[in-house]
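Read through the structure below, which is laid out as structure tokens, and then see the notes.
The values are calculated or read from the model by the stated rules, or taken from the named source; none is laboratory data. Small disclaimer: the values here were computed from a predicted structure and weren't measured. Reconstructed Cβ throughout: ideal geometry from the backbone, glycine too, with neighbour counts over all protein chains shown.
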Amino acid sequence: MRRLLLGLFCALVSASCMPVVEGQDYNLEGQEVRLTLLHTSDIHSRLIPYDFAPLKTDQDLGLIPEAGPFGGATRMAAVLKRERSRGERVLHVDSGDCFQGAPIFNLNNGEVEFRFLSQARLDAAVIGNHEFDAGALNFTNQAKQFASFPLLAANYNWNDWRQNGSNETALEAAPYTIRNVKGLRVAILGMANISSLNSIVEGGNSLQVTPLEQNEVVRAYVDLLRPVSDLIVIVSHLGLTEDQDVIQGYEAYYEYGRARSFIRREKNPWQVLEWFGPEGNDKSVVRVQIPGVSGVDVVMGGHLHVVLNPPQLLADPSGRKVVLSHSGAFAKYVGRLELVVKMPTELGAGEGGEVVSQDYRVFPLDRLWCDEAMRKYRYDPNIFWEDGQFIQTPEVRAAMEACEAQEDRQTTHLLQPYIIGMDMRLQLTNIFSYAPTDVTRRNNSTGGDSPLGNIAADSMRKRRRVDAQMALTNSLGIRDNLYAGVITQESMFNVFPFENTINIMYLSGKEMQEMFNFVAERSAERGCVSQAQISGAKFTMDCAQVQINDLRTPCNLALKGADCPAQDRTGHAPWQCIQDESSSSDRGRCYANPGTDISVGPEPLNPFGTYRVAVNDYIAKGGSGFNVLKRNTTRQETGISLRDSLIGYMQDFCTCDDINAGYETRGNKQGAQSCGNLVNGKWVVNDRLRAACREMQDYKNELEVRVGSCTCGDLLRNGFDPSGCGVDTVTNPDQARAACISGKQVGTCTCGDLAARGYNPAGCNIPDVDEPEEAMAACAVSPGPFTGRCDCREIISGSNPVCGTVTQQLRNFCDNPTAMPIADAVDDGRIGRRVEQ
């Protein structure tokens, strides 16, 4: 149910002041005019290039997996400047959430994001929900000092800024702006997010804002703006479905008393589809169809981090086509929407222009952002690239260097002091663990618990001074995977960008049941994919029961569910008959708990028990709809951040030295953390991890082979120059290299045999090796662990510029990788789900 307040938008519109549009006089009557809309969205503070593993959807959009790191403000600014120079009429709009998501925000609270967008000449932005992550007052102050562009939110009615204690956000926000682009008057209307800001639907909230129903707001502003504009563009942070609803209409539930005036009006009335309660009673709930809005030309959306390529074409109630475009997130892309607008023959008649054609293109921001030819080369269907082959190609290397030279230097100058500040204060390159494979935040196979979610929740429950019986955190609070390679402080900021802390609460058995019911209900709305991660407990999300409950089958309260449907109840919780909150009568409705098979520790949930629970402070205060926690008065703030908790937990994981030695615990110490993962009550080290640790040990052994007074590691670092190593029998680098891998088999010979014979394979029965160079290649030192961009052999030898900046800590890891804690996790079935009745 969309519980939004109505009736305020009319006062808002009537209070708006129409701007005076000045500029050169253009006569565009009857012409076809081209307009370019540059689009960014959900930048989430990714102003500095970062590493991640591009999905198939990213690759389909042209992002090259080998050409990381990705994103970054210098590339984005360069693309924006390039595209501005190519168009005659150009506007740049942003769909919100430029704040939060990288360490630069944690230190600067949005200052640098607003400075960058201002410097990039952004024309308008909608206010995203994450703009308030550091508080409404912070947003106001940052906007006041650093935003030179309009910040829009037509569907927010701000409290009077003159009241005591006001955050004065109303002074920095506007419902719309009008841009005159060489005679083309473009009205830009901002539609801010509601679904992710639970607090704003309640009175007395900290944002000091009342949300307004989206379609009626747009309808009112279209009526206001159409006579004075040629084109109406919505820049939205509502979400994809909500963007579609604005144009096509949607169903919602309201009390009849609130919706009555909209239902009874003559123009665009709401249609009543169903009554819950006596017809005509103001307190009865009605299901209504809210009509879509006519008169909008383009919607540039955000919030869900998707790319619509090509854009969707929606039909409004009048049959006119509306272009809906989304351009992704995390500074991975810049979108460009080219429009051809047919102008009316009589300007000023209130008709406005009409979009007669459109063309959309998305520009990926990787290290080859400026070279389309190289992108086509990478994705040429006639070329098969071996792993690592494309990035080693000389022309590709040259193209990356050329693109780097074209990045925007003005933006580099802007970012430099902030980057230095982060290096000094956060030490983002610090390494504390190694992941042989990705540790994912989602479970794509079952939709239940995830590997990263499990260890994050475990770290909360087991943290010293917390020691809870169970822990629960919201899935969306975990914002990224841990990718294969070294795990750094920066990686953890990507996983936990929010400054959330662990809270301790005491919940009754009844509250625990309500909490698990809510998780099941919220997850059922999202494809039965778990919206929470837990530790110390197990339960099943009965999403099928959620759908049955939504039928609101009537029952007699006195019979306590005995008159509810009896068929097909195997595996479901028992029926209850609860008060139907949508009815003013004493009528009940059938309801069964959708959170089932709950156990805490080894015991089933005790409805009369009390449990010590660790949660994050966001959901403890009611975030993401956890009202059962918000009502609880036992909340204790520990001040321990989720980020630090997970780092400390992973630092105690076993190393490959422990696993290769067959130890059951870290360092084989009593009371230390067990190696592997808890599966069916037993700690198990999986075969995949054992194999990775054996490979790391083999690599380490190869580095430690001695040649004279040097090791192979020494020779790798020095380009296999044996001078100064006291090598009597080795006279050239090739022989030194050969000695470093003696003991490996090549045909019937060892590498030592080949070294002694100067790599002459004669007599060694090597059918596949005809030349000494081939024998040498067969004896090459193994690559070693993959660090994220390249392997350890390349790190030590400095042979691959793609490795980027190599710190001393990274070199130390590559010298002794088996001593590093291993980040390994699995989904263990602690969250099950039922999707069929």
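Looking at the range 366-392, which of the residues that are more than 19 Å from residue 69 (Cβ to Cβ) and among the polar types (S, T, N, Q) is modelled with the highest pLDDT? Of everything passing the filter in the range 366-392, 382 is modelled with the highest pLDDT. For the range 256-266, the criterion of being among the aromatic types (Phe, Trp, Tyr) and within 29 Å of residue 113 (Cβ to Cβ) is met by no residue.
The set of residues from the range 797-830 being touching a Pro at 6+ places or on another chain (Cβ under 6 Å) and either over 26 Å from residue 66 (Cβ atoms) or surrounded by fewer than 18 Cβ atoms within 10 Å (Cβ to Cβ) (or both) comprises 825, 826, 827. Of the candidates 278, 269, the single residue that is of a type outside the set (Asp, Glu), surrounded by fewer than 16 Cβ atoms within 10 Å (Cβ to Cβ) and in contact with a Pro (Cβ under 9 Å, 6 or more places away or on another chain) is 269. Which residues, taken from the range 478-496, are under 14 Å from residue 430 (Cα atoms) and acidic (Asp, Glu)? Matches in the range 478-496: 490 only.
When the test is whether a residue is more than 30 Å from residue 273 (Cβ to Cβ), of a type in the set (Asp, Glu) and at pLDDT 95 or above, residue 297 does not pass it. Listed conditions (1) surrounded by fewer than 18 Cβ atoms within 10 Å (Cβ to Cβ); (2) in the same structural domain as residue 342 (by TED's automatic domain parsing); (3) modelled with pLDDT of 95 or more are all met by residue 363, apart from (1). Scanning the range 620-634 for residues that are under 15 Å from residue 473 (Cβ atoms) and in a loop (DSSP other than H, G, I, E, B) turns up 621, 622, 626. Within the range 94-118, the set of residues being farther than 30 Å from residue 340 by Cβ, assigned to a loop (DSSP other than H, G, I, E, B) and of a type in the set (S, T, N, Q) comprises 100, 109.
State whether the residues of the range 152-166 include one that is over 21 Å from residue 208 (Cβ atoms) and free of Cβ contacts under 8 Å to residues at least 60 places away in the same chain.
no
Among the residues of the range 103-121, is there at least one that is more than 21 Å from residue 405 (Cα to Cα), charged (D, E, K, R) and free of Cβ contacts under 8 Å to residues at least 60 places away in the same chain? Looking for residues that are more than 21 Å from residue 405 (Cα to Cα), charged (D, E, K, R) and free of Cβ contacts under 8 Å to residues at least 60 places away in the same chain, one finds at least one in the range 103-121, hence yes.
Quick check on residue 75: is it surrounded by 19 or more Cβ atoms within 10 Å (Cβ to Cβ), under 18 Å from residue 335 (Cα atoms), in contact with a Phe, Trp or Tyr (Cβ under 6 Å, 6 or more places away or on another chain) and charged (D, E, K, R)? In short, yes. Just to be sure I understand, how many residues within the range 403-455 are among the hydrophobic types (A, V, I, L, M, F, W, C) and closer than 30 Å to residue 537 by Cα? Of the residues in that region, 5 qualify. Per the listing 91, 63, the residue uniquely under 21 Å from residue 231 (Cα atoms) and either without any contact (Cβ under 8 Å) to a residue 12 or more places away in the chain or not in a helix (DSSP H, G or I) (or both) is 91. The criterion of at least 1 residues that are over 30 Å from residue 476 (Cα atoms) and in the same structural domain as residue 126 (by TED's automatic domain parsing) is met, among strands (runs of 3 or more DSSP E) falling completely within the range 243-315, by 312-315.
Would you be able to say whether some residue in the range 530-540 is touching a helix residue (DSSP H, G or I) at 6+ places or on another chain (Cβ under 8 Å), crowded, with 22+ Cβ neighbours inside 10 Å and not assigned by TED's automatic domain parsing to the domain that holds residue 471? Within the range 530-540 (the criterion being touching a helix residue (DSSP H, G or I) at 6+ places or on another chain (Cβ under 8 Å), crowded, with 22+ Cβ neighbours inside 10 Å and not assigned by TED's automatic domain parsing to the domain that holds residue 471), the answer is no, since none of the residues qualifies. When residue 578 is tested against (1) among the β-branched types (Val, Ile, Thr); (2) farther than 18 Å from residue 551 by Cβ; (3) not assigned by TED's automatic domain parsing to the domain that holds residue 534, just one condition goes unmet, and that condition is (2).
For the range 801-819, a residue qualifies if it is more than 28 Å from the chain's Cα centre (by Cα) and either under 28 Å from residue 679 (Cα atoms) or free of Cβ contacts under 8 Å to residues at least 12 places away in the same chain (or both), and the qualifying residues are 808, 812, 817, 818, 819.
If you go through the range 475-496 one residue at a time, do you hit one that is surrounded by fewer than 20 Cβ atoms within 10 Å (Cβ to Cβ), among the β-branched types (Val, Ile, Thr) and closer than 20 Å to residue 624 by Cα?
no
With respect to residue 544, is the statement that it is touching a Lys or Arg at 6+ places or on another chain (Cβ under 9 Å), of a type in the set (Gly, Ala, Ser) and in a helix (DSSP H, G or I) true? Yes, satisfied. When you scan the range 632-640, do you find a residue that is free of Cβ contacts under 8 Å to residues at least 60 places away in the same chain and out of contact with any strand residue (DSSP E or B) (no Cβ under 7 Å at 6 or more places or on another chain), even just one? Looking through the range 632-640, at least one residue is free of Cβ contacts under 8 Å to residues at least 60 places away in the same chain and out of contact with any strand residue (DSSP E or B) (no Cβ under 7 Å at 6 or more places or on another chain).
Would you confirm whether or not the range 575-594 contains a residue that is within 32 Å of the chain's Cα centre (by Cα) and surrounded by fewer than 21 Cβ atoms within 10 Å (Cβ to Cβ)?
The answer is yes; a qualifying residue exists.
Annotation: of all residues in the range 666-685 being polar (S, T, N, Q) and over 20 Å from residue 601 (Cα atoms), the one that is modelled with the lowest pLDDT is 670. Those residues that are polar (S, T, N, Q) and closer than 15 Å to residue 44 by Cβ, I need them from the range 323-342; list them, please. If the condition is that a residue be polar (S, T, N, Q) and closer than 15 Å to residue 44 by Cβ, then 327 is the only one that fits.
For residue 221, the stated conditions hold: it is at pLDDT 95 or above and more than 31 Å from the chain's Cα centre (by Cα). I'd like to check something: does the range 600-612 contain any residue that is at pLDDT 90 or above, assigned by TED's automatic domain parsing to the domain that holds residue 534, touching a helix residue (DSSP H, G or I) at 6+ places or on another chain (Cβ under 9 Å) and among the aliphatic types (A, V, I, L, M)? Scanning the range 600-612, I find at least one residue that is at pLDDT 90 or above, assigned by TED's automatic domain parsing to the domain that holds residue 534, touching a helix residue (DSSP H, G or I) at 6+ places or on another chain (Cβ under 9 Å) and among the aliphatic types (A, V, I, L, M), so the answer is yes. Residue 688 fulfils the conditions (1) closer than 23 Å to residue 785 by Cα; (2) over 30 Å from the mean Cα position of the chain (by Cα) except for a single criterion, (2). Kindly establish whether residue 67 is assigned by TED's automatic domain parsing to the domain that holds residue 306 and touching a Phe, Trp or Tyr at 6+ places or on another chain (Cβ under 7 Å). No; evaluated as a whole, the condition is false for this residue. In the condition set (1) out of contact with any Asp or Glu (no Cβ under 7 Å at 6 or more places or on another chain); (2) farther than 26 Å from residue 608 by Cα; (3) assigned to a loop (DSSP other than H, G, I, E, B); (4) of a type in the set (A, V, I, L, M, F, W, C), residue 562 is compliant with all but (2).
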